[in-house]
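> I have a structure I would like to understand better, so I am pasting it below and will then ask my questions one at a time.
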Amino acid sequence: MWDAAYDVVVIGGGHAGCEAAAAAARCGARTLLLTHDLARLGEMSCNPAIGGIGKGHLVREVDALDGLMGRAADAAGIHFKLLNRSKGPAVRGPRAQADRALYRTAIQGLLAAQDGLTCEADAAEDLILRDGRVEGVAAASGRRIRCGAAVITSGTFLRGVIHVGTKRIPAGRVDEAPSVGLALTLERLGLPLGRLKTGTPPRLDGDTIDWAALERQEGDAVPEPLSVLTQRITNPQVACGITHTNPNTHAIIREHLHLSAVYGGRIEGVGPRYCPSVEDKVVRFADKERHQIFLEPEGLDDRTVYPNGISTSLPEEVQAAMIASMAGLERAVILRPGYAIEYDHVDPRALHPSLECRNLVGLFLAGQINGTTGYEEAAAQGLLAGVNAAHRAGGSMEPPAVLARGEAYAGVMVDDLTLHGVSEPYRMLTARAEHRLALRADNAAMRLSHHGEAWGCIGSERRAAHGRFAAACMEALTRARQEGATPTQFSAAGALVNQDGRRRSALEALSLPGVTPEAAKCLFPWLRDLDGCVRTWLEAEALYAPYLERQEQERQWLAREERTSIPRGLDFAMVPGLSREMQDRLSRAQPDTLGRAGRLPGITPAALAALAVHLRRQGTVSRETA
Amino acid sequence: MSPDTVFALASGAGRAAVAVLRISGPRSAALLEALAGRLPAPRMTTLRRLRHRGEALDRALVLWFPGPGSFTGEDSVELHLHGGPAVVAAVSEALADLGARPAEPGEFTRRAFLHGKLDLTAAEGIADLVSAETEAQRRQALRQAEGGLATREAAWTGQLLRLLARQEAFIEFEDEDLPHDLDIRVTTEAAALRRELEASLAESAREERLREGLSIAILGAPNAGKSSLLNALAGHEAAIVSARAGTTRDVVEVRLVLGGVPVTLADTAGLREASDEIEAEGVHRALARAERAALRLLVFAADTAPDAATLSLRDEDALLVGSKSDLGPPVLAGALPVSTTTGEGLPLLRAALEREAARLAGMNEAAGLTRPRHRAAIGEAVSWLAHLETAPLPELRAEALRAALRALSRLTGRVDVEAVLDQVFGEFCIGK
C-alpha cells in the first residue's frame, strides 16, 4: 500500500524546507523533500538579502548547527555589509545581498551533496494518520509515501492570494499555484488558522535606472562572511543606489489609496509593522516628507533591481506613476509589479517548543506557516524542526532540539511563537532577547556546538572548525587574563588610564574606553596575530564582562524556573490560590515549564508563586538533573 | 480544589446601627440564594428577609457582585444587617453551617491582589489604611490605596519605556533614516528622569516617617529633668522621676500624636561617665537612640553648666530645651525655657514639637515612597540611570534602561518587550 518509505518527509522547498531536509538528513534520517518545482529550491522570493541585525545572528546560529544558509549566502553574496559597525559587537549584524541565481545554485548544490536526502518535484496534498500520529504523506501524483515524521514548510502557499490593486490571483508566489489541499488538511486536524499578509515592491529594469544621478552605497571593503567556514568571498562586489520618495510620490499614493488592496479593504490579513507598505508609510507618518529607497541589484547577470522600501499593492499603472516620480527612476521600467499576498498561518501556540503539533505526534511546522517573516527566521525554525523530526522518526520520546532564551535567538523566537502566538508576521529583533549581550554573532559556535553534537546534526568539517575556534578563544582568554601592564606602560602606548599604579590585565585593557585597539595591540603584540574571529570574540567578552556576569546570574536563576517542569495535563483548578482568570490563562496556554508560565501575558507574580509552591509540594522533579 | 468561600464582618465590632458582612469565593451566589432566595440583579441594593433552616434571621440590604467586577475579583456578596452582635452571630453561624469559613485577617485584600485587582502598592495602601492611627496617616494610606504611588510609578515607567524604545530603535534600524540625535536625546532625558527619581528619594523620608511614626529622643546630662519632661508631654507618669542622678537607665517610650503625626517619644539615660555596668549600657542605648531618632530634644538644666556630651549632639534636627526655668534663665542661648514644676514654656514646647513633626514627617505633594521596599526599587533605578550616562555604547545604555525598568516594575508589576516594540513602531516610520 506504500509507494515509498522515508524516515522524514519535508513538504516545501523554501528556506525552512531546505534547512529542515538537510538537518534531518545530517542527523541520519532518510529524508525526502517534496516541492512543486526543483529548479526553485532555495528561491529568494522577496528581497535579495540575507542577514542583518538580529537576522544575521540567526544565520550564524543556523551556521553553527551546520545549516546551509550562511554558506550559500557567502557563495552568492555580491554586496556585504556589517550593520551597526559603530555600535558594540553584540548588536552588529552581518548581512549579504545575494545574487538570486547563485544562491539557488549554492543551495541546490549543498542539498545534492547531502547523503540520505532525496528531493522530488511533487505536491503534498494530504497527511495520512494513524492513532494520533503521522504515518505518511499523500502526494498530488497519487503516490503514498510512508514516513516517521513530516515537516510542513509551506510558506505563503496555504490558500495564498496575491493582490495587485483590485485584482486577486490565487497563488503561493507569482506564477505558482497555492496549496489548498494542505490547508484543508490542517483545518481538519483542528489546527487553529489565522490570516496574515505581506507585500513586495515592483521589480525594476536596472538598465533603465539613471544610476549616475543617484547616491551610491558600497559594500564593506573587507566583506564579513556569514559562515565561519568561509575563508574568502570570491564574487565581484556591486554597489546599491539610494533614492527617496517625495511629496509628489506621496500625492500620487494618497490620490489612489482607495485602489490599494490593503487600504481598499480587500485584505483582512494583518501585515508587519516593521515592513509596512508604502501606502502605510504615507498614511501613518503623514508629516514625513520623504522615505528612503535602496535600489538593490538582484544579481551579477541579472538586470532586475529590487527597490527596497516601497512594497505596495496599488494597481500597476499607479505603481508606474509612483516609480517615475522619484529621482533617478524617471524612465525606469517595471519588470514585475509589486503585490500584497495574503496567506493562512497556523497559530504557533498549537505547537510544542520542539515545533511539533501538540495534538499530532510526528507533525512539525516551520517557517512562515508559523506566522514568521523572513528567510532567516524560516531557516532557523526549519533546522530545529528537521532535527526534531529526525529524532521523532528514530523513536525518540522527547524531540531534543529546544533552545533556551538565554542560549540563542532561535530559542527566543520559538519560545515567543509557541507561547505568545503572533499578531503580525514575527520578525527577529535584538530587542526581543533579554540576554542580548551574550547572544552574539561572534559566539554562535561557542553557544551551540555542544547542542549540535548532541543532536547529531554537525558534520566532521564543522566539528573540527569549532574545536579549533574554541581552543584558540580559550587560549587567548587565558593569556589576556594573565598578561598585564602598569599605568606607565599604558601611557607610553598612548592609552588613557588612571595613574593609580594598579596593574591592568590585557582583558581589562580591552574593555577600557581610553584604550584604543591600536594601543592595546602595541602593548600586547600577540593580539595582532590572533585570527580575526578570535579577536572579535575576545574583545566582546572583555567589553561585556561585568554585564555578562550579572546576566549569567540572572540566566541561572531563570534556568531554575525553566527546569521546573509542569506535568502535561495538570489541572490548574487544583492549584490552591489560583484565581479563575489565572486558571483559564494557564489552561489555554498549557505551559510546560514554570519559566514559560511566568512569561505568559497577564500572569501575576502572585499566581506564579502559587504555582511554584504547588509544584514543589507535588515533588515535581527537575527536567534536567545537571 | 477550588478556593474556599470566606466571610468576615467588614464594619467595626460591637453594637452599631448597621453591620456589613462580606462574603467572597466561588460559593457566594449559592450562599446568598440559600439565605435570601433568588439572586438580585448585580450591584443593585435589594431588601430581603434572611432565613436559615426555617428561621428568620434578619431583614437586610443585600448586594450581589459577580466576579471579576468585585473588590476581590471573585463572586462576592455584601449583607447589610442590623448591627446587634446577636444578629451578626446568627448570620455568621448560618454561613458557617452552609460551608463558608471566617476569613483570615487581610484575606480579602490578599485575594484581590491574587486576582490582579490591586497592585502591590495599592494592597500595601489598604493594609496601611486599616492600621492608620492618625488622620494624616489615613490620608496617606488612602492616597496609596487609590493608586497614587502606582500612578506615579506608571508615569516613570512610561518615560523609561519611551527612552528604551528610542534606544532600541537606534540599535535595531540602522539604515532607516531616524532622527540623527536620537541617541544623544536618550542620554539627556535619562539624566532628567534620574534627577526626578532622586528628588522622590530625598522626599521619601518624610512619608516613611509618617507611615512608621516619628521617633524623638530626649537627651541630656543626668538629672537634667528629661523624665519630668517626658511625663509632662505624655500627660501621665510614664517614667520614674527622682532627684537622684542616673534614675533612668533603660529607654522609656511613650506614644503621642503631634499634629496628626504619630510620635514615639523616648526618655534616655543621662549622658555621663557611667558608675556601673548597667548604667553604662543605658548610656550606650541612649546614644544609639539619639542616632536613630529623627528629632532630638537636648535638655540643659538651668542650675548646671552645659555638658559636653549633650552639646556634641547639636545639629539641625535638634531642639534645645532649658529645663528647670523656675530656678533661673537657660544656661544656653537659644534654648526654650521650660519648667515642669510651673508649667512655663510647655505650650510653646508642644507647638515647637508639632512644627518640627510637620517638617520631618508628612505627605508630599505627589504620592510618596512610604516603605523601604519602594526606596530600594527607586534607588536601584537611579543607580542604573547614572550608569547609563557613562556607558560608552548604545546597547549598554539599553541594558541600563532595561535594568532600571525591571527595578521600577518591582513596585507594581512587570513590563514586557511587546510594550517596548509598540512604542518603537508607533513613534518611528520603520521598515523598507
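> Just the residues that are more than 8 Å from chain B (Cβ to nearest Cβ), assigned to a loop (DSSP other than H, G, I, E, B) and of a type in the set (D, E, K, R), please, taken from region A:264-282.
Correct list: A:Arg266, A:Glu268.
> Let me ask something else. Quick check on region B:44-75: of everything there that is among the basic types (Lys, Arg) and touching a strand residue (DSSP E or B) at 6+ places or on another chain (Cβ under 6 Å), which residue is nearest to the other protein chains (Cβ to nearest Cβ)?
Out of the qualifying residues, it is B:Arg48.
> In region B:152-165, how many residues are more than 16 Å from the chain's Cα centre (by Cα) and open to solvent by 30 Å² or more (accessible area, probe 1.4 Å)?
4
> If you don't mind, another one. Which one of B:Val299, B:Val252 is crowded, with 20+ Cβ neighbours inside 10 Å, closer than 30 Å to B:Gln137 by Cα, at pLDDT 90 or above and over 24 Å from the mean Cα position of the chain (by Cα)?
Among B:Val299, B:Val252, only B:Val299 is crowded, with 20+ Cβ neighbours inside 10 Å, closer than 30 Å to B:Gln137 by Cα, at pLDDT 90 or above and over 24 Å from the mean Cα position of the chain (by Cα).
> List every residue pair whose Cβ atoms lie under 6 Å apart, where the two residues are 6 or more positions apart in sequence or sit on different chains, the first residue falls within region B:99-118 and is under 23 Å from B:Leu32 (Cα atoms) and without any contact (Cβ under 8 Å) to a residue 60 or more places away in the chain, and the second residue, located anywhere, is in a loop (DSSP other than H, G, I, E, B) and open to solvent by 30 Å² or more (accessible area, probe 1.4 Å).
B:Ala112/B:Phe71
> When you check B:Glu203 against the structure, is it of a type outside the set (Phe, Trp, Tyr) and within 13 Å of chain A (Cβ to nearest Cβ), yes or no?
no
> Testing B:Val6 on (1) surrounded by fewer than 21 Cβ atoms within 10 Å (Cβ to Cβ); (2) within 14 Å of another protein chain (Cβ to nearest Cβ); (3) aliphatic (A, V, I, L, M), one condition comes back false. Which one is that?
(1)
> Within region A:580-599, track down each residue that is facing chain B (nearest Cβ under 10 Å) and part of a loop (DSSP other than H, G, I, E, B).
A:Arg599
> Pick out the one residue from B:Arg355, B:Arg371, B:Arg289 that is open to solvent by 10 Å² or more (accessible area, probe 1.4 Å), modelled with pLDDT under 90 and either touching an Asp or Glu at 6+ places or on another chain (Cβ under 6 Å) or within 17 Å of B:Leu233 (Cβ to Cβ) (or both).
Result of the check over B:Arg355, B:Arg371, B:Arg289: B:Arg289.
> Go over the candidates A:Tyr375, A:Tyr426 one by one and state the one that is crowded, with 24+ Cβ neighbours inside 10 Å, of a type in the set (Phe, Trp, Tyr) and either away from chain B (no Cβ under 14 Å) or over 18 Å from the mean Cα position of the chain (by Cα) (or both).
Among A:Tyr375, A:Tyr426, only A:Tyr375 is crowded, with 24+ Cβ neighbours inside 10 Å, of a type in the set (Phe, Trp, Tyr) and either away from chain B (no Cβ under 14 Å) or over 18 Å from the mean Cα position of the chain (by Cα) (or both).
> Also: Out of A:Ala213, A:Ala177, A:Ala221, I need the residue that is within 22 Å of A:Ile334 (Cβ to Cβ) and over 24 Å from the mean Cα position of the chain (by Cα). Which one?
A:Ala213
> Could you please let me know if A:Ser45 is modelled with pLDDT under 95, out of contact with any Gly (no Cβ under 8 Å at 6 or more places or on another chain), in a loop (DSSP other than H, G, I, E, B) and surrounded by fewer than 24 Cβ atoms within 10 Å (Cβ to Cβ)?
The answer is no for A:Ser45.
> Would you pick out the residues in region B:18-54 that are assigned to a strand (DSSP E or B), open to solvent by 60 Å² or more (accessible area, probe 1.4 Å) and at pLDDT 90 or above?
B:Arg22, B:Leu47, B:Arg49, B:Arg51
> Quick check on region B:167-185: of everything there that is among the aliphatic types (A, V, I, L, M) and either in contact with a Ser or Thr (Cβ under 9 Å, 6 or more places away or on another chain) or over 30 Å from A:Ile310 (Cβ atoms) (or both), which residue is nearest to the other protein chains (Cβ to nearest Cβ)?
Among those residues, the one meeting the criterion is B:Ile171.
> Among the residues that make up region A:323-342, is at least one of them surrounded by 18 or more Cβ atoms within 10 Å (Cβ to Cβ), under 28 Å from A:Gly28 (Cβ atoms) and among the acidic types (Asp, Glu)?
no
> Still on this structure, please answer the following. Looking at (1) within 13 Å of another protein chain (Cβ to nearest Cβ); (2) surrounded by fewer than 17 Cβ atoms within 10 Å (Cβ to Cβ); (3) part of a helix (DSSP H, G or I), which is the only condition B:Glu389 fails?
It is condition (1) that B:Glu389 fails.
> Go through B:Glu135, B:Glu172 for me and flag whichever is open to solvent by 40 Å² or more (accessible area, probe 1.4 Å), of a type outside the set (A, V, I, L, M) and not assigned by TED's automatic domain parsing to the domain that holds B:Pro68.
Matching residue, one of B:Glu135, B:Glu172: B:Glu135.
> Right, another one. Evaluate region A:533-547: report whether one residue or more is touching a Gly at 6+ places or on another chain (Cβ under 7 Å), open to solvent by 60 Å² or more (accessible area, probe 1.4 Å) and closer than 19 Å to A:Met446 by Cα.
No, that holds for no residue.
> Moving to a separate point now. Could you grab me the full set of residues in region B:212-244 that are of a type in the set (S, T, N, Q), in contact (Cβ under 8 Å) with a residue 24 or more places away in the chain and open to solvent by 20 Å² or more (accessible area, probe 1.4 Å)?
B:Ser215, B:Asn223, B:Ser228
> Does A:Ile310 meet the test of being buried (at least 24 other Cβ atoms within 10 Å of the Cβ), at pLDDT below 95 and either touching a Leu at 6+ places or on another chain (Cβ under 9 Å) or outside the structural domain of A:Gly132 (by TED's automatic domain parsing) (or both)?
Yes, satisfied.
> Could you tell me which of the residues B:Thr310, B:Thr264, B:Thr247 is at negative phi, in the same structural domain as B:Ala352 (by TED's automatic domain parsing) and open to solvent by 30 Å² or more (accessible area, probe 1.4 Å)?
Checking each option against the conditions leaves just B:Thr247.
> May I pose another question? Looking at A:Ala589, A:Ala597, A:Ala610, A:Ala540, can you tell me which residue is closer than 23 Å to A:Ala350 by Cα and touching a Pro at 6+ places or on another chain (Cβ under 8 Å)?
One residue alone meets the criteria, A:Ala597.
> Against the conditions (1) modelled with pLDDT under 90; (2) open to solvent by less than 60 Å² (accessible area, probe 1.4 Å), where does B:Arg15 fall short? Just the number, please.
For B:Arg15, the exception is condition (2).
> State whether one or more residues within region B:186-200 are within 14 Å of chain A (Cβ to nearest Cβ), under 19 Å from the mean Cα position of the chain (by Cα) and surrounded by fewer than 22 Cβ atoms within 10 Å (Cβ to Cβ).
No.
> Go through A:Ala401, A:Ala390, A:Ala410 for me and flag whichever is in contact with a helix residue (DSSP H, G or I) (Cβ under 7 Å, 6 or more places away or on another chain) and without any contact (Cβ under 8 Å) to a residue 60 or more places away in the chain.
One residue alone meets the criteria, A:Ala401.
The values are calculated or read from the model by the stated rules, or taken from the named source; none is laboratory data. These numbers were taken from a predicted model, which means no experiment stands behind them. So basically every Cβ, Gly included, is an ideal-geometry build from the backbone, and we count neighbours across all protein chains shown. Each accessible area value is taken on the protein alone, full model and side chains, heavy atoms only, with ligands, DNA and RNA left out. Shrake-Rupley method; radii C 1.70, N 1.55, O 1.52, S 1.80 Å.
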